[in-house]
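The values are calculated or read from the model by the stated rules, or taken from the named source; none is laboratory data. Predicted, not measured: the structure shown is a model, and the values here were computed from it. Positions of Cβ are generated from backbone atoms using ideal geometry, with glycine treated the same way; all protein chains shown enter the neighbour counts.
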Amino acid sequence: MNLYERNLEEAHENIKMDLLHIPPKERKSRTSRPKVRTGCVTCKARRKKCDEARPHCRTCVSAGRECGGYEETIDRRTRAWKTTNATVDVPCKIKLEVQKNQLTVAKDCGAWISRLLVDPSQADLSLSERWYLGLFRSSTASQCSGYFPLEFWRRMVHQFSEVEPAVRHAIIAISALHRSFSTTQSAQNSGKPNDPHLFPLRQCNKAIICLQQRLQSASCRQDSHVLITLVTCVLFVSFAFLQGDTDAASCHLRHGTRLLQETYLSNTKKKLDYGPALTDVFYHLELHWASLREPEAASLNHEHSIVQSMALGNPVWCKPVHSLEDACNLLIGLAWLVCENDPENSKMVVAREILDKHQEAILQKLQTWKTELTTSLTRKKVLLSSRDRHTLAALNLWTEIIFIRVSTDSRQNEGESRFDSFTSNFQRVVQLAKSVLSSDFSQSPMPTFSVGMGMIPPLYLCAFRCRDWHIRREAVQLLQRWQLQEGAWTSSGTAFVVSRMIAIESEGLTPGELVPERARISAMRAGALPDGSGIRLWYRRSQGGSSTQNDSNRNPWESEILPF
């Protein structure tokens, strides 16, 4: 074998050995890159690559999916994430500018944002509407109830707002008025030109539209339509009172009381689950309207008046008082009677005849109801809460005012001097009002924005009818010190008008001197000017003790404009 053949044979042997020992293939791997934390919400949830096109990624659009948009996230590897994670439990404040800086709120992030995300009833509401709805549930509702625990504001309206858009927008409107009232002073100081009533009016219009759509729906029963109409009627009346629109309030109130009377109260076969809550709130609304009504204004038809049915159907002064509810009904009924007995309106004869006929029984009841209530509560071992004690104090204050009115309304021929013998009663009213307004409201908020019986009308009567130099001025000071709104009554406006009236009566007198009969004002009316620049005041001076039944013998009305 020559050398060439030997080399060829060795080459074949090497080739065989290489075929038996093939080296393993090197495993390929992806190039390592940082993980991407950006992309749209939809692609991140599907774990797909997102091209991050704006405003919608092409990956979702080409697949026919809805792009969830983009959200700002903090990289967990950065110092910003560590700082945020370390302070996540600290309450933070968010400043939201909504509708041209209309709303500036500070709220706890966690509880507030989670509420907006999980509550289905708020899905169709804007951010500002949601905030006002939360304000109503946390504050405005208890404020509207005032000193009296009305079931309508405490429970009923919240239940209906969960399912009825009309109720929801109506309470948002009232809550916006509450917010406007609370920030009026700061808004005046800042000089902002925004109209504080624009947003509430829009919400009220939304409520009307939703109510119309609800009533046109054939999927609900007629009883349900009536109930929703009554609930929204209460809210519309309250909204109109708080706006100072007494004409709209009286229109809604007349139709609401008629619907309630004809549908449920006069029909013994129908039983309304929410009947007591509705009738109680209508009692307060009717009384509030009676305290505001001018002599020539339209009055409720007596056959449709809820208060008249309660007060006179089975006379309240003949019923025993065993609970705070009984005491409230007693004083609401009697307060409505004295408001209806208006000497300036010759049409108000029903209340006048009743008061003349049952004056002694009514005065006796006013002096004994507190004893009846105390005895009943002691026997039942009932302890009054802080809220109940405030209610009782307000009832005591109104008792003094009603006692003065019932005692003096039948003595019109004595002129304004008939009030001089009740100076001690006026003094108690001022002391009670001061005690209530200065009391501890730590467990329940002080009612500063309510609809119904409150502090302003009694203090107004003290400043108007009491001619004691110090008592009437102390009443005005309370009105000036506490910023209150009770329906259409405002403490600042009332104090402004009454102060001018006191100045007119006291012209030329020295401090402590008694106002003579001829200088006293027997009747007074006030109304805002159309342009809102001031108040027009009408007043009529006393006849000096002569009979006031003949209009031809009365002094003429005097008028002046007060810049306000």
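Within region 150-170, can one find any residue that is at pLDDT 90 or above, hydroxyl-bearing (S, T, Y) and more than 17 Å from the chain's Cα centre (by Cα)?
Within region 150-170 (the criterion being at pLDDT 90 or above, hydroxyl-bearing (S, T, Y) and more than 17 Å from the chain's Cα centre (by Cα)), the answer is no, since none of the residues qualifies.
If you go through region 113-134 one residue at a time, do you hit one that is at pLDDT 75 or above and touching a Phe, Trp or Tyr at 6+ places or on another chain (Cβ under 7 Å)?
Within region 113-134, not a single residue is at pLDDT 75 or above and touching a Phe, Trp or Tyr at 6+ places or on another chain (Cβ under 7 Å).
Going through G534, G544 one at a time, which residue ends up being more than 27 Å from S435 (Cα to Cα), among the small types (G, A, S), touching a helix residue (DSSP H, G or I) at 6+ places or on another chain (Cβ under 6 Å) and surrounded by fewer than 21 Cβ atoms within 10 Å (Cβ to Cβ)?
Only one candidate qualifies: G544.
Would you be able to tell me the number of residues in region 431-471 that are of a type in the set (S, T, Y) and either within 24 Å of I521 (Cβ to Cβ) or surrounded by 21 or more Cβ atoms within 10 Å (Cβ to Cβ) (or both)?
Number of matching residues: 2.
Is it the case, given these coordinates, that Q477 is in contact with a helix residue (DSSP H, G or I) (Cβ under 9 Å, 6 or more places away or on another chain), surrounded by fewer than 24 Cβ atoms within 10 Å (Cβ to Cβ), of a type in the set (S, T, N, Q) and in a loop (DSSP other than H, G, I, E, B)?
no
Does S522 count as touching a Lys or Arg at 6+ places or on another chain (Cβ under 8 Å) and small (G, A, S)?
Spelling it out, S522 is indeed touching a Lys or Arg at 6+ places or on another chain (Cβ under 8 Å) and small (G, A, S).
Checking the structure you have, find out if any residue of region 457-474 is in contact with a strand residue (DSSP E or B) (Cβ under 8 Å, 6 or more places away or on another chain) and either at pLDDT below 90 or small (G, A, S) (or both).
Among the residues of region 457-474, not one is in contact with a strand residue (DSSP E or B) (Cβ under 8 Å, 6 or more places away or on another chain) and either at pLDDT below 90 or small (G, A, S) (or both), which makes the answer no.
Please go through region 495-513 and pick out each residue that is within 19 Å of R540 (Cβ to Cβ) and in contact with a strand residue (DSSP E or B) (Cβ under 9 Å, 6 or more places away or on another chain).
Scanning region 495-513 gives V497, V498, R500, M501, I504, E505.
So which of E353, E372, E400, E416 is in contact with a strand residue (DSSP E or B) (Cβ under 8 Å, 6 or more places away or on another chain) and charged (D, E, K, R)?
Of E353, E372, E400, E416, the one residue that is in contact with a strand residue (DSSP E or B) (Cβ under 8 Å, 6 or more places away or on another chain) and charged (D, E, K, R) is E416.
With region 234-352 as the region, which helices (runs of 4 or more DSSP H) entirely inside it contain at least 3 residues that are modelled with pLDDT under 90 and closer than 24 Å to E372 by Cβ?
306-312
Let me spell it out: the conditions are (1) exposed (fewer than 14 other Cβ atoms within 10 Å of the Cβ); (2) at pLDDT below 85; (3) at positive phi, and G512 meets all of them except one. Which number is the exception?
Here G512 clears every test but (2).
Take T494 and decide whether it is among the hydroxyl-bearing types (S, T, Y), in contact (Cβ under 8 Å) with a residue 12 or more places away in the chain and either crowded, with 16+ Cβ neighbours inside 10 Å or not in a helix (DSSP H, G or I) (or both).
When the stated conditions are applied, T494 passes them.
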